[in-house]
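Working notes, structure below.
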Amino acid sequence: MSALFQPLRLRSLELPNRVVVSPMCQYSARDGCATDWHLVHWGQMLQAGAGLFVVEATAVSPEGRISPADLGCYDDASEAALADTLRRARAVAPPGHVALQLAHAGRKASSAAPWVGGRVAPADGGWAPVAPSALPFAPGDTVPAALDAAGLARVRDAFAGAARRAARAGVDAIEVHCAHGYLLHEFLSPLANRREDAWGGSPEGRMRFPLEVFDAVRAAVPDAMPVGVRISATDWVDGGWTLDDSVAFAQRLKARGCDFVDVSSAGVSPLQKIDAKPLFQVPFARAIRAATSLPTIAVGLVTRAAEAEAIVASGDADLVAMARAFLWNPRWVWHAAAELGGQVVPPVQYERAVPRDFANAFAKRK
């Protein structure tokens, strides 16, 4: 049988296959609350048949949003909207597992939607960003305020509070966002963290706050709920965060009960020089899996079923995540099942759609 369509257990979750829908920011929320856009988008992604659907980067506080249109999970209104929209999306799709990616944008906060570009000024609904150090992401950006001890405690507690809200809202797993140049990645990278106190300096110091946040999230949710982390395995900048650093970080996460590592890269500096090509990030996932035995998720320009199958079959990673591939083809998993000999459970209303030659790709309902 196809390796990609083998089940995988993460604590209490039995994933039916090794395909993951990556978190994709939609910039379509109102005051942190999910909208009708999210209902349609989540319904599509749940109908896709992936083993796990990860909801977009979801801010743990209003000032932790990337943009004013970001999804949040930080107050009663955003929690209620998350719970209601998730319930309705699940009602139009086969049973599926949903993770929520919890995030704080750090010095990248108060940005406009990418199709607009630029930063949002306070007069236009923006806010002042915070970061490990008073260093802007790019020349001309707002200089962020360096978090003091009280600010760090507020952020840590905000992650824990958002995790508790997510669990109440019906989410099955949590992914802590430590990648792509947002706050927790900023703490890890020497390019963004120039602190001279206990949360900076050495690699151990720079890992300290992200590990504190992970501990707080892990303690905030039921023991049966998987909690993983997304990392940027390298900054792609000389003098920045490296793969060796990521291995050391993953080892510390494993000791704290981390259930998976979602292995991406880059995002902390506009000076990054990325050698982007198909499967270019798979070696990062392979190295972390080999060093830690943690379940890993490989990402990055994976588009074909045969590529995803080879990644899992060879042991490079335990799961494969895609984002743009699902926007282009929300039925990617169905077609992969037909090609590789796997099976999916589609909505009963769509069962008649399968071509006769691929009838075995649709599992019989129990």
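Here the strands (runs of 3 or more DSSP E) wholly within region 237-339 that include at least 3 residues being modelled with pLDDT of 95 or more and under 27 Å from Leu191 (Cα atoms) are 261-264, 296-298. Restricting the search to region 40-83, which residues are free of Cβ contacts under 8 Å to residues at least 40 places away in the same chain and either within 25 Å of Val345 (Cβ to Cβ) or part of a loop (DSSP other than H, G, I, E, B) (or both)? Within region 40-83, Val40, His41 meet the criteria. Does Leu243 meet the test of being more than 17 Å from the chain's Cα centre (by Cα) and within 19 Å of Ser293 (Cβ to Cβ)? When the stated conditions are applied, Leu243 passes them. Taking Ser133, is it surrounded by 17 or more Cβ atoms within 10 Å (Cβ to Cβ) and within 17 Å of Gly32 (Cβ to Cβ)? So Ser133 fails the test.
If you take the residues of region 340-366 that are of a type in the set (A, V, I, L, M, F, W, C) and not in a helix (DSSP H, G or I), which of them is modelled with the highest pLDDT? Taking the candidates together, the pick is Val344. Of all residues in region 17-34, those satisfying the criterion of being within 18 Å of Ala306 (Cα to Cα) and either free of Cβ contacts under 8 Å to residues at least 40 places away in the same chain or not aliphatic (A, V, I, L, M) (or both) are Asn17, Arg18.
The set of residues in region 190-224 being of a type in the set (A, V, I, L, M) and more than 18 Å from Ala103 (Cα to Cα) consists of Leu191, Ala198, Ala224.
Note on region 166-192: among residues that are out of contact with any Asp or Glu (no Cβ under 8 Å at 6 or more places or on another chain) and of a type in the set (Asp, Glu), the one that is farthest from Ser110 (Cα to Cα) is Asp172. Among the residues of region 136-181, those identified as in a loop (DSSP other than H, G, I, E, B), small (Gly, Ala, Ser) and within 20 Å of the chain's Cα centre (by Cα) are Gly170, Ala179, Gly181. On inspection, Trp37 passes the criterion of being without any contact (Cβ under 8 Å) to a residue 12 or more places away in the chain, among the hydrophobic types (A, V, I, L, M, F, W, C) and part of a helix (DSSP H, G or I).
The values are calculated or read from the model by the stated rules, or taken from the named source; none is laboratory data. It should be emphasised that the depicted structure is a prediction, and the values quoted were computed from it without experimental measurement. Quick reminder, even Gly has a Cβ in these numbers, built from the backbone with ideal geometry, and neighbours come from all protein chains shown.
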